[in-house]
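These notes concern the structure reproduced below.
What follows draws every value from the coordinates through simple rules; no lab data is involved. Keep in mind the model is a prediction, meaning the values are calculated, not measured. Don't worry about glycine lacking a Cβ; one is built from the backbone with ideal geometry, like all the others, and counts go over all protein chains shown.
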Amino acid sequence: MIKACIFDLDGVIVDTAKYHFKSWRRMANELGFDFTEKDNEQLKGVSRMDSINLILGWGNKQLSEADKVKWASQKNEWYLEAVNKMTPDEILPGVLVLLQDLRKKGYKIALGSSSKNAELALRKVRIISYFNTIIDGTKTTRSKPDPQVFQMGAQRLRLAPEECIVFEDAVSGVAAALAGGFYAVGMGSPENLGAAHLVLSSFENITIESIIKQIGA
Ligand code: BG6
Ligand code: MG
């Protein structure tokens, strides 16, 4: 029986995935190369330092560890400039209605994000109070596709993985959920997220009852 929903943040609750992409691309461009939106799919859900290693590989760039840290924090500064300007109208369509409905019906709500900036983004869009527990990149030691972030969320809620639905826009995030024995709902296109139990294009006009029915939980 489903008792909780665990949400990824970037690209599921708010469209910050586009800010991560823009900031990484700006870094790549300053280093003299470029990468595409398709390449960017591989960065979703992946930690900051794992991301910079992937990107530098695409550009055949070798940097010292110190320079990697310097560029990663520069990227984070650009990213934070965007996040600091966020307002509640950047919550993705249907999210607020679903969160309110889940609360009303007694489901637990958790956040399972790789980002170290997750709490800031949740505060900016003023929905932090909906979450019973928040697991983010400041609390984990292993990045998605490792299931650690979701396992910690379920543990905090004292629930088993099969009692939780994970909502994810990242290939690595869907893989993490499945590896941990959770139900996985992909938010995006079936082309990328086909491994999930169900793929939705948005939360608009969708109810928890219909999601549970469609995943066969
Ligand atoms: C994930 C994003 O949620 O968090 C990734 O999908 C990002 O793109 C990762 O790299 C880490 O985020 P941050 O904010 O700690 O650099
Ligand atoms: Mg995401």
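Working note: 222 nm ellipticity from helices only, DSSP H runs with n ≥ 4, each -39,500 (n - 2.57), summed and divided by the residues of the chain, gives -13000 deg cm²/dmol to the nearest 500. Taking all Cα pairs closer than 8 Å and separated by 6 or more residues, the relative contact order of segment 17-83 comes to 46 percent. For segment 45-111, the list of trypsin sites (Lys or Arg not before Pro) that fall in a loop by DSSP and count at most 11 other C-beta atoms within 10 angstrom reads 85, 105. Judged by the mean number of other Cβ atoms found within 10 Å, the most tightly packed of the peptides 157-164, 4-11 leads the ranking 4-11, 157-164.
I need the shape label for the chain. Rule: rounded when a/c is under 1.5, else prolate if a/b > b/c, else oblate, with a, b, c from the alpha carbon gyration tensor. It comes out prolate by the Cα gyration axes. Over segment 1-119, how many pairs of lysines fall under 18 Å by alpha carbon, counting only those 8 or more apart in sequence or from different chains? Counting lysine pairs in segment 1-119 gives 24.
Segment 33-74 and segment 122-200 have Cα centres spaced 23 Å apart. For residue 148, neighbours were defined as the other residues whose beta-carbon sits under 11 Å from its Cβ, and their charges (Lys and Arg +1, Asp and Glu -1) total +2.
Using the Cβ atoms and a cut-off under 11 Å, what net charge is assigned to the surroundings of residue 52, where Lys and Arg are +1 and Asp and Glu are -1? Charge balance near residue 52 sits at +2.
Extension gain, residue 1 to residue 217: 0.36 nm times the residue separation minus the Cα-Cα distance gives 77.1 nm. This ranking places 16, 36, 133 by how few other beta-carbon atoms lie within 10 Å of each, fewest first, which gives 36, 133, 16.
Taking amide hydrogens as placed 1.01 Å from N in the peptide plane, the amide H of residue 111 sits under 5 Å from those of 7, 133, 134, 135, each at least 5 positions away in sequence or on another chain. The relative contact order of the chain comes to 26 percent, based on Cα pairs under 8 Å that sit 6 or more residues apart.
Local charge for residue 101 was computed over the other residues whose Cβ lies under 14 Å away, with Lys and Arg +1 and Asp and Glu -1, and equals +2.
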